[in-house]
Amino acid sequence: LQAVWKRILWVIAAVVIAVAASAIITQFFITPQYQASCWLFVNNFSNATSQNEVSTAQLQASTQLANTYIQMLRSETVLGDVSSELGGAYTPEDLSEMISASVIDDTQILVVTVTNPNPEQAAQVANAVAQVAPASIQSFVEGSSVTVPQYATVPTQPSSPSMARNLLIAFVVGLIVG
């Protein structure tokens with residue numbers, strides 16, 4: 001019985017130490033990151049005069065075109081244009097690390113997300129992408145259009161690190177180690 005209590009105390013100590021260490025590291029040593037996103041609406045029927053002219057094939061082509069635009073957003077040309085829009089504050093390489101893009105499932109909407117330790121900078125970079133990318137990308141693809149239905153706003157909460165997630169992981173590690 002005494003051995004069982006001794007083992008329980010070791011487990012509790014390991015959990016407390018792991019959780020405390022995780023809290024300290026998360027709070028004081030991990031730089032918070034903020035995410036700001038803008039939306040780009042992609043279509044490949046810029047010359048259509050009415051909604052009745054839009055076919056299913058055109059909608060599918062627009063969805064596929066959005067995936068192509070993601071790759072184009074990563075190009076040195078587009079990132080260079082965004083860098084110029086920001087006054088050279090970031091190199092294209094810096095921007096490449098900050099910017100991610102994805103297509104909302106089965107839509108023509110491309111979500112561009114910028115991750116930065118400064119929330120204002122995250123929004124500024126995302127909005128620079130929204131300003132520059134449509135014209136830059138349209139210069140490569142004729143007969144398509146890109147509009148910006150939503151610009152980025154300054155995030156108020158960090159996207160990472162997650163204190164709750166880190167503490168839960170530390171709790172589990174403490175249980176395993178103890």
* Asked: So, counting K/R as plus one and D/E as minus one, what does the shell of residues with Cβ under 14 Å around ALA13 add up to?
  -> +2
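Relative to the present Cα-Cα distance, how much length would full extension add between PHE28 and ILE8 at 0.36 nm per residue of separation?
Working: separation 20, 0.36 × 20 = 7.20 nm, distance 3.00 nm.
Separation in residues times 0.36 nm, less the Cα-Cα distance, equals 4.2 nm.
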* How much of PHE140 can a 1.4 Å solvent probe reach, expressed as accessible area in Å² and rounded to 10? -> 100 Å²
* Asked: For the chain, with the dipole built from +1 on Lys and Arg beta-carbon atoms and -1 on Asp and Glu ones, taken about the Cα centre, which of SER160, ILE176, VAL146 lies farthest toward the positive end?
  -> ILE176
* Asked: From the backbone phi of segment 92-99, what are the Karplus-calculated ³J(HN,Hα) couplings (6.51 cos²θ - 1.76 cosθ + 1.60, θ = phi - 60°) in whole Hz, Gly and Pro given as x?
  -> x, 5, 4, 5, 4, 6, 8, 9
* At 222 nm, what helix-only mean residue ellipticity would the chain give, in deg cm²/dmol to the nearest 500, using -39500 (n - 2.57) for each DSSP H run of four or more? -> -18000 deg cm²/dmol
* **Per-residue HN-Hα couplings for segment 132-142 [Karplus 6.51, -1.76, 1.60; θ = phi - 60°; Hz; x = Gly/Pro]** => 8, 4, x, 5, 4, 6, 5, 5, 8, 10, 7
* Spin-label model distance (nm) - SER102 vs SER75, 7 Å beyond Cα toward Cβ -> 2.5 nm
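Viscosity 0.692 mPa s, temperature 37 °C: what is the translational diffusion coefficient of the chain from Stokes-Einstein with a Kirkwood Rh over Cα pairs, rounded to a whole number of µm²/s? Don't skip to the answer; put the middle values down first.
Details: Rh = 19.1 Å.
Rounded, D is 172 µm²/s.
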* Asked: How large is ³J(HN,Hα) for each residue in segment 166-178, as worked out from phi by the Karplus curve 6.51 cos²θ - 1.76 cosθ + 1.60 (θ = phi - 60°), to whole Hz, x for Gly and Pro?
  -> 5, 5, 5, 4, 4, 4, 5, 4, x, 5, 5, 5, x
* Asked: Once amide H atoms are built 1.01 Å from N in the peptide plane, which residues 5 or more positions from GLN33, or in another chain, come under 5 Å H to H?
  -> SER159, SER160
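The values are calculated or read from the model by the stated rules, or taken from the named source; none is laboratory data. Quantities reported herein were computed from a predicted structural model and do not represent experimental measurements. Quick reminder, even Gly has a Cβ in these numbers, built from the backbone with ideal geometry, and neighbours come from all protein chains shown. Note: accessible area is taken over every heavy atom of the protein model, side chains too, but ligands, DNA and RNA are not part of it. Shrake-Rupley method; radii C 1.70, N 1.55, O 1.52, S 1.80 Å.
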